[in-house]
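For reference, the structure discussed in these notes is given below.
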Amino acid sequence: MILVNYAAAALVFCLGVYTVLTRRNLVKIVMGLSLMESAGYVLLISMAYRKGSTAPVLLHPPSGTTEQELAHGNVADPVLQNIALTAVVIGVAVTAVLLAGVVRVAQHYRSLDSDDVRELRG
Amino acid sequence: MTWFWVLDVVCLLWVVAGAVLVVWLRNLSGAVMALSLTGMGMTMLFVVLGAPDVAHAEVVVGAIALPVLYLVAIGKCRTVVERDDESTGEDRELHGGEPVRRRWAAVLLSAGVFTGLVVAFTGLPDETEELPAVARRAMTGALPDFHTTEPVSAVVYGYRAMDTFGETFLLLAAVVGVMVLTRTREARQGFVGEERAADEEQEDVDHPPRGSSSDEARRAERVEEGRAPEAPETPDREGLGAPAPETAQAMSVVARTAVRVALPLLLVGGLYLVSQGYSPGGGFPAGAVLLGAVLLVHTAFGYDRVRAVVRPRVLEVVEMLGAAAIVGVLAAGLPLEGSFAANWIPLAPEQTLRSGGMLQAFSVSELVEVGAGLTIVVFSLLGMRHDWAEDDEDGEGDESGEGDA
């Protein structure tokens, strides 16, 4: 059943690929990259889920269990969640660099259209 | 089909619908809002899937950091587009029907990637498999090793501290990258007086400085309309019922009051995330919350209110102090405990402010680093000058004049 989540992640990733390939607006292309990043987060968190699991937090365990039982019990994978957590923050920083570049390109070529940015083609 | 899967599928549909809107909407600002919508959907999904830490980070990133960055960047580009409207009339291509290239090739390729990914994902572990050994190790080790009830923080700031260290400095590198990209051109100085040697000739070519003349024009316009030529000292001095637009560089009294109410709540929430290290949260999302607080004050009260803090001299020092603190906390483990990023702070009882030992110190340093870094990034973009290439003689945007940029 978690395959639905994996498929949704693949779908969002491909929407990002489609945006990057077809759009000519540079900001839109960066948005496509953001979508591809988001797909990565969804995939990681879906992979961390286990059937009927709780969050990997030992604070206030569900009634009837102790912290130790919970630590050995049915929880989501904290390592994958950690990877997604850092990826989210790094994603913002990388997006900022891309956008700063886009603004510079727009100022230089006076256009957001990627077709106008072809100095290297001669 | 249990309620869990119903919630899961609803959140997935929300995320996918947001993503489709991002692709489909022509209006860039609308697409940014759709991206934010996707972020909210993902936040809900992460809560459903039992990942509160990631949900914290995603909600502040999806709701504050990303939309602000995109909107500021779009604002900066839109200025350029408007100039294009006047001079070359190429606006149709930028505002009208969004041009699409390689449609069928892209559909084929995306569909191919989708098929490949789905086939590959069927081989991934599904929800019925056992937890991997590292995950079990993190779950069972968090309490004895760090006296913390929050295994994800134990992984972020403890077991994988080295990786987090690297990622933090990647963030720092990105901040430096944005600062370099957004910096205005500097006059070259200090060699042999070359910056003055050609002043006379330069004046023939240069246009007068952009800022001063437009400021003067605006002031003259104000006087002509019979309004106060200068803004009041603080926005709150603006009389109620004064004719709009208010002269203060701030929003209306409604927005200012709303921010006065919301700001303390937001600050307490952000500090709670980092101080209660034994519950989900931590320095990453809290830093993004601080950015949100600064932006709220800036938007509602104008730049004057945040000028004391939001200056390169202050923020860059704070940023570097945060980085130095991270290096210090991690490197202190080397002489004291024998390895980099080892826990050298005595462990306090669990579920107290100091529980977690080194994790808390790392997390607080991370708050400083991320908060200052993201603020620098946003305000660098906001302060970007129009450093574009000059016009050709016929007024067309130049394709060949890249030499002067």
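When you scan the stretch B:146-172, how many residues do you find that are open to solvent by less than 60 Å² (accessible area, probe 1.4 Å) and either at positive phi or assigned to a helix (DSSP H, G or I) (or both)?
Residues that pass the stated criteria total 17.
Among the numbered conditions (1) more than 7 Å from chain B (Cβ to nearest Cβ); (2) open to solvent by 10 Å² or more (accessible area, probe 1.4 Å), tell me where A:G91 comes up short.
That leaves (2) as the condition not met.
Quickly run through the stretch A:94-115 and pick out the residues that are closer than 19 Å to B:L382 by Cβ and either among the aromatic types (F, W, Y) or open to solvent by less than 30 Å² (accessible area, probe 1.4 Å) (or both).
Of everything in the stretch A:94-115, those that are closer than 19 Å to B:L382 by Cβ and either among the aromatic types (F, W, Y) or open to solvent by less than 30 Å² (accessible area, probe 1.4 Å) (or both) turn out to be A:T95, A:A96, A:L99, A:A100, A:G101, A:V102, A:V103, A:A106, A:Q107, A:L112.
For the stretch B:10-50, name all the residues that are in contact (Cβ under 8 Å) with a residue 60 or more places away in the chain and either under 23 Å from A:I83 (Cβ atoms) or of a type in the set (G, A, S) (or both).
none
Looking at the stretch B:65-80, which of its residues are at the interface with chain A (Cβ under 7 Å from one of its Cβ atoms) and at pLDDT below 75?
Once the filter is applied, which keeps residues that are at the interface with chain A (Cβ under 7 Å from one of its Cβ atoms) and at pLDDT below 75, the stretch B:65-80 yields only B:V80.
Can you name the residue in the stretch A:24-59 that is touching a residue at least 60 places away in the same chain (Cβ under 8 Å) and not in a helix (DSSP H, G or I) and is also most open to solvent (accessible area, probe 1.4 Å) among such residues?
The selected residue is A:R24.
So which of A:I29, A:I2, A:I83 ends up being touching a Ser or Thr at 6+ places or on another chain (Cβ under 8 Å) and more than 8 Å from chain B (Cβ to nearest Cβ)?
Only one candidate passes the filter, namely A:I29.
Could you look through the stretch B:298-307, keep only residues that are assigned to a helix (DSSP H, G or I) and open to solvent by 30 Å² or more (accessible area, probe 1.4 Å), and pick out the one that is farthest from B:V60 (Cα to Cα)?
B:D304
A:L44 versus (1) touching a Ser or Thr at 6+ places or on another chain (Cβ under 9 Å); (2) over 30 Å from B:S380 (Cα atoms): which is the lone unmet condition?
Looking at each condition in turn, A:L44 falls short on (1).
Do you know which of the residues in the stretch B:15-27 that are surrounded by fewer than 23 Cβ atoms within 10 Å (Cβ to Cβ) and at the interface with chain A (Cβ under 7 Å from one of its Cβ atoms) is nearest to the chain's Cα centre (by Cα)?
Going through the qualifying residues, I end up with B:V23.
The rows are residues; the columns are (1) assigned to a loop (DSSP other than H, G, I, E, B); (2) at pLDDT below 90.
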residue	(1), (2)
B:V32	no, no
B:E82	no, yes
B:G89	yes, yes
B:A120	no, no
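Of all residues in the stretch A:34-70, which are more than 8 Å from chain B (Cβ to nearest Cβ) and in contact with a strand residue (DSSP E or B) (Cβ under 7 Å, 6 or more places away or on another chain)?
Residue satisfying the conditions is A:P62 alone.
The values are calculated or read from the model by the stated rules, or taken from the named source; none is laboratory data. Because the structure is predicted, anything quoted here is derived from the model rather than measured. Here the Cβ is made from the backbone with ideal geometry for all residues, glycine too, and neighbour counts use every protein chain on show. Accessible surface is based on the protein model in full, side chains and every heavy atom, while ligands, DNA and RNA are left aside. Shrake-Rupley method; radii C 1.70, N 1.55, O 1.52, S 1.80 Å.
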